[in-house]
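Take a look at the structure set out below.
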Amino acid sequence: MDNYFVFILAGGSGERFWPVSRADAPKHLITFFANKTLLKETLDRVKNLVPEDHLYILTNSNQLSLIEKTLPDFPLRRIIPEPEKKDTAAAVTLATAIAAKESEQAVIVLLPADSKIENKEIFRRQILSSLRFAQDENCIVTFSIPPKFPATEFGYLKLDKSRYCVKNNEKFFPVVQFVEKPTAERAQGYIEEGNYGWNSGMFVWSVKTFLEETHKWVSPLYRFVLDYLKDSSGWEKQFKRLPQISIDYALMEKTDKIFAIEAEFDWDDLGSWISVAAYLENDEKGNRIKGKVCSYGSEKNIVVSHSKLIALCGVKDTVVIESDHAILVCSKESLQELKKLYALLPPEHK
Ligand SMILES: Nc1nc2c(ncn2[C@@H]2O[C@H](COP(=O)(O)OP(=O)(O)O[C@H]3O[C@H](CO)[C@@H](O)[C@H](O)[C@@H]3O)[C@@H](O)[C@H]2O)c(=O)[nH]1
């Protein structure tokens, strides 16, 4: 366990939850539930899983001050601000380099800061088993989630269910195909075919495996780690030269060294207000509400009030979100267009 590390990826932008999320306060810094941000929930979930000084948060420099404010007890030394938003391939490469500098034998788990996960104990057990498996078998471990619908916002893992390895009573299946964010048509095909799971966005690998696989498939990531090991003082300059791409496209779609464990914990990516709504209070007309809301003849709406009373009359399937600076009114079916609306917003409201 002394060579295990956890890195929380907390540098994403928060367009899908505007107006509550903003560029400097994205999804993982919003308090959706129980007065805890998703980042804090993620931190609590991994508490004492690895030695205390092996737990890091990677973020973008524009979110640093808010993260510091939200987590006053978390050591600043282990909150790493990236100089530019370069997406997850760069972030996980930096994470691997940091761990490698501490121990060449390091095995790391990379976790999104914004997943909703229940069954903490099962999650911890499966993470620990994956760390051991990744180390012993020199492979990348991912977590497969049973797909509920043909989502296009997730990666898909095709598992070979006929062959598997057992470690610590957990089954690890070879992943024979990784497809990042397929079209709706292909996603539908995967669901019908079976054997496909959603990629949870959590990855486990050793420094050794990462170096071997990036050497083969994405050499700029490999070179970054080697340069960092030689001299880490000016890493920011090298970081800015890394390709802007997610690790899913950069490596996961290419490597054949992936195994998947089937997640036994409840997982939700909270990709939009629709998924958050499932956790909000439900009134007798199917309205999902948070805060001060009064409604008449209105049904199946999602209504979140920050400070003002929101009153609805004869409204259906509508999303009304009030934040401290703006109000969003959107039909449920147009929520997927929110990124397009976001692009048109005045900068002071982004
Ligand atoms: N440090 C850092 N973190 C980042 C950056 N970009 C994104 N992140 C963080 O990395 C995590 C995932 O990033 P997203 O950009 O939200 O990924 P996604 O579109 O949801 O897709 C990924 O996750 C899905 C599951 O939620 C997967 O299904 C999919 O395959 C992929 O791995 C989030 O916690 C986000 O805050 C970055 O530049 N730097």
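The values are calculated or read from the model by the stated rules, or taken from the named source; none is laboratory data. The structure displayed is predicted, hence computed values, not measured ones. Quick reminder, even Gly has a Cβ in these numbers, built from the backbone with ideal geometry, and neighbours come from all protein chains shown.
Return the pair list, or none, for Cβ contacts closer than 8 Å from residues in region 181-196 that are in contact (Cβ under 8 Å) with a residue 24 or more places away in the chain to residues that are of a type in the set (A, V, I, L, M, F, W, C), at least 6 apart or on different chains.
Lys181/Phe154; Ala187/Ala151; Tyr190/Val179; Ile191/Phe149; Asn195/Leu159; Tyr196/Leu157; Tyr196/Leu159
Are any residues in region 145-203 part of a strand (DSSP E or B) and of a type in the set (D, E, K, R), and if so, which ones?
Result: Lys158, Lys167, Glu170, Lys171, Glu180.
Quick one: would you say Glu236 is touching a Pro at 6+ places or on another chain (Cβ under 6 Å) and either modelled with pLDDT of 95 or more or surrounded by 14 or more Cβ atoms within 10 Å (Cβ to Cβ) (or both)?
Spelling it out, Glu236 is indeed touching a Pro at 6+ places or on another chain (Cβ under 6 Å) and either modelled with pLDDT of 95 or more or surrounded by 14 or more Cβ atoms within 10 Å (Cβ to Cβ) (or both).
In this structure, does Ile245 turn out to be of a type in the set (Val, Ile, Thr), surrounded by fewer than 19 Cβ atoms within 10 Å (Cβ to Cβ), within 14 Å of the ligand (Cβ to nearest atom) and at pLDDT 95 or above?
Yes; evaluated as a whole, the condition is true for this residue.
Among Gly271, Gly189, Gly194, which is the only one that is within 27 Å of Val46 (Cβ to Cβ) and either surrounded by fewer than 22 Cβ atoms within 10 Å (Cβ to Cβ) or within 12 Å of the ligand (Cβ to nearest atom) (or both)?
Going through Gly271, Gly189, Gly194 in turn, just one is within 27 Å of Val46 (Cβ to Cβ) and either surrounded by fewer than 22 Cβ atoms within 10 Å (Cβ to Cβ) or within 12 Å of the ligand (Cβ to nearest atom) (or both): Gly271.
Could you say which residue among Glu68, Glu52, Glu82, Glu41 is touching a Lys or Arg at 6+ places or on another chain (Cβ under 8 Å) and either assigned by TED's automatic domain parsing to the domain that holds Gly234 or under 23 Å from Ile108 (Cα atoms) (or both)?
Glu41
Of all residues in region 1-38, which are within 16 Å of the ligand (Cβ to nearest atom) and at pLDDT 95 or above?
Within region 1-38, Phe5, Val6, Phe7, Ile8, Leu9, Ala10 meet the criteria.
Here is a check on your reading of the model: is Leu221 assigned by TED's automatic domain parsing to the domain that holds Ala100, part of a helix (DSSP H, G or I), among the aliphatic types (A, V, I, L, M) and more than 14 Å from the ligand (Cβ to nearest atom)?
Spelling it out, it is not the case that Leu221 is assigned by TED's automatic domain parsing to the domain that holds Ala100, part of a helix (DSSP H, G or I), among the aliphatic types (A, V, I, L, M) and more than 14 Å from the ligand (Cβ to nearest atom).
Take the residues in region 277-310 that are in contact (Cβ under 8 Å) with a residue 24 or more places away in the chain and among the β-branched types (Val, Ile, Thr); name whichever of them is farthest from Leu335 (Cα to Cα).
Val304
Can you find a residue that is touching a Ser or Thr at 6+ places or on another chain (Cβ under 9 Å), of a type in the set (D, E, K, R), over 27 Å from Val329 (Cβ atoms) and crowded, with 17+ Cβ neighbours inside 10 Å anywhere in region 23-40?
Within region 23-40, one or more residues are touching a Ser or Thr at 6+ places or on another chain (Cβ under 9 Å), of a type in the set (D, E, K, R), over 27 Å from Val329 (Cβ atoms) and crowded, with 17+ Cβ neighbours inside 10 Å.
Need the failing condition index for Glu41 against (1) assigned to a helix (DSSP H, G or I); (2) free of Cβ contacts under 8 Å to residues at least 40 places away in the same chain; (3) within 16 Å of the ligand (Cβ to nearest atom), just the number.
Of the numbered conditions (1) assigned to a helix (DSSP H, G or I); (2) free of Cβ contacts under 8 Å to residues at least 40 places away in the same chain; (3) within 16 Å of the ligand (Cβ to nearest atom), the odd one out for Glu41 is (2).
Within region 253-273, does at least one residue satisfy the condition of being of a type in the set (A, V, I, L, M, F, W, C), under 17 Å from the mean Cα position of the chain (by Cα), at pLDDT below 95 and assigned to a helix (DSSP H, G or I)?
Yes, region 253-273 contains at least one residue that is of a type in the set (A, V, I, L, M, F, W, C), under 17 Å from the mean Cα position of the chain (by Cα), at pLDDT below 95 and assigned to a helix (DSSP H, G or I).
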